[in-house]
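Some notes on the structure that comes next.
The values are calculated or read from the model by the stated rules, or taken from the named source; none is laboratory data. Remember, it's a predicted structure, so these values are computed and weren't measured experimentally. Note that we place each Cβ from the backbone using ideal geometry, even for glycine, and neighbour counts take in every protein chain shown.
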Ligand code: ZN
């Protein structure tokens with residue numbers, strides 16, 4: 001789709017939302033949305049944030065009459081109010097179309113048996129994968145979340161060929177397969193993993209154990225759910241479906257729209273969503289739009305792998321850094337394991353960034369420390385203080401590992 005078509009659809013959505021949704025009636029009050037036409041004008045519209053959606057609880061963003069709503073989903077709501085997203089029948093259908101495309105990008109066919117390990121219910125993931133698979137015509141094993149014993153039993157007995165899940169759960173499965181000596185019993189060929197940022201070390205461990213090709217899928221409950229973007233067999237970034245969503249990349253600090261290839265926060269407009277359209281929704285996810293066409297030939301543009309959350313951004317010595325950039329550097333240096341931590345301190349009013357990283361056995365810590373300093377200087381432009389540690393020295397967490405400790409005052 002060309003920019004003109006996309007813009008006219010975006011503005012049609014803006015005008016609809018400004019009339020029908022209580023949330024946007026308030027947000028767009030006084031703005032000349034009836035006469036706006038250009039991308040420059042679009043970029044002057046206010047952002048929509050997760051807080052707006054919380055404030056609109058339960059159904060303040062609703063844009064269609066009650067009779068047209070067929071389902072609601074909800075985001076996990078770890079803090080405060082949950083966010084409820086209503087869907088029309090057309091929204092559910094559109095989402096299934098995108099999900100089906102995702103399977104096709106991953107090379108999944110009707111011959112496949114898809115084991116869906118994300119939860120079914122208020123959370124969007126399970127049902128989205130289910131709907132796309134049914135549209136495609138593949139067989140689904142809808143195990144849902146948890147119960148690893150049963151997951152492995154069904155995976156083996158029903159000869160599942162595609163595994164759907166979070167990357168961390170895929171890692172749990174991989175490690176259990178290994179521990180139980182089940183490699184020969186597993187028929188998996190592909191994995192579609194998403195919903196969290198994951199480094200290459202985790203990928204390698206899953207690959208080593210399961211030997212499958214895997215695909216990153218992207219999405220968020222506020223915008224349909226998973227399935228708005230996926231990487232193709234070239235693995236050079238995730239194709240996003242620009243006939244349903246419009247993506248902008250902004251500087252998370254200033255809100256300025258950045259040119260293609262520059263890294264910043266993904267902002268999404270859903271120009272076909274009926275029940276709860278979102279205009280310029282700040283995802284907090286950090287990525288970039290990859291310029292040019294993918295070698296696979298698909299006309300859908302690409303987002304790069306998600307490198308972090310804009311909330312994770314570290315400001316040090318006037319530079320914006322994401323922990324994932326440090327992770328990327330560590331990964332390139334032979335001898336470091338996957339565990340690391342960034343500690344920020346001030347010393348005599350000057351910021352100091354300490355990088356603590358665990359070393360595999362049999363390497364020279366001094367040598368590794370020197371390499372780390374050199375690579376950080378050239379990679380992120382910061383002179384770091386290296387602390388090379390033994391395996392197991394850094395704290396482990398069952399949940400999300402805290403990668404950044406800010407001790408600055
Ligand atoms: Zn491609």
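Overview of values
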{"quantity": "Test result for residue 254, within 16 Å of the ligand (Cβ to nearest atom) and at pLDDT below 95", "calculated": "no"}
{"quantity": "Test: residue in region 221-240 that is away from the ligand (no atom under 16 Å from the Cβ) and surrounded by fewer than 24 Cβ atoms within 10 Å (Cβ to Cβ)", "calculated": "yes"}
{"quantity": "Residue in region 364-375 that is at pLDDT below 85 and out of contact with any strand residue (DSSP E or B) (no Cβ under 8 Å at 6 or more places or on another chain) present", "calculated": "no"}
{"quantity": "Entirely in region 76-184, the helices (runs of 4 or more DSSP H) that have 2 or more residues that are over 24 Å from residue 53 (Cβ atoms), in contact (Cβ under 8 Å) with a residue 12 or more places away in the chain and not assigned by TED's automatic domain parsing to the domain that holds residue 203", "calculated": "none"}
{"quantity": "Scope region 182-200; condition more than 22 Å from residue 149 (Cβ to Cβ), surrounded by 15 or more Cβ atoms within 10 Å (Cβ to Cβ) and either at pLDDT below 95 or in contact with a helix residue (DSSP H, G or I) (Cβ under 6 Å, 6 or more places away or on another chain) (or both); matching residues", "calculated": "194, 195, 197, 198, 199"}
{"quantity": "Residue that is part of a strand (DSSP E or B) and surrounded by fewer than 20 Cβ atoms within 10 Å (Cβ to Cβ), where the choices are 71, 54", "calculated": "71"}
{"quantity": "The lone exception for residue 37 - which of (1) within 19 Å of residue 221 (Cα to Cα); (2) exposed (fewer than 13 other Cβ atoms within 10 Å of the Cβ) it fails", "calculated": "(1)"}
{"quantity": "So residue 359, is it closer than 13 Å to residue 403 by Cα, surrounded by 18 or more Cβ atoms within 10 Å (Cβ to Cβ) and modelled with pLDDT under 95", "calculated": "no"}
{"quantity": "Total residues in region 280-320, condition within 16 Å of the ligand (Cβ to nearest atom), surrounded by fewer than 17 Cβ atoms within 10 Å (Cβ to Cβ) and without any contact (Cβ under 8 Å) to a residue 60 or more places away in the chain", "calculated": "5"}
{"quantity": "Residue in region 335-356 that is modelled with the lowest pLDDT, counting only those that are over 18 Å from residue 314 (Cβ atoms) and in a strand (DSSP E or B)", "calculated": "338"}
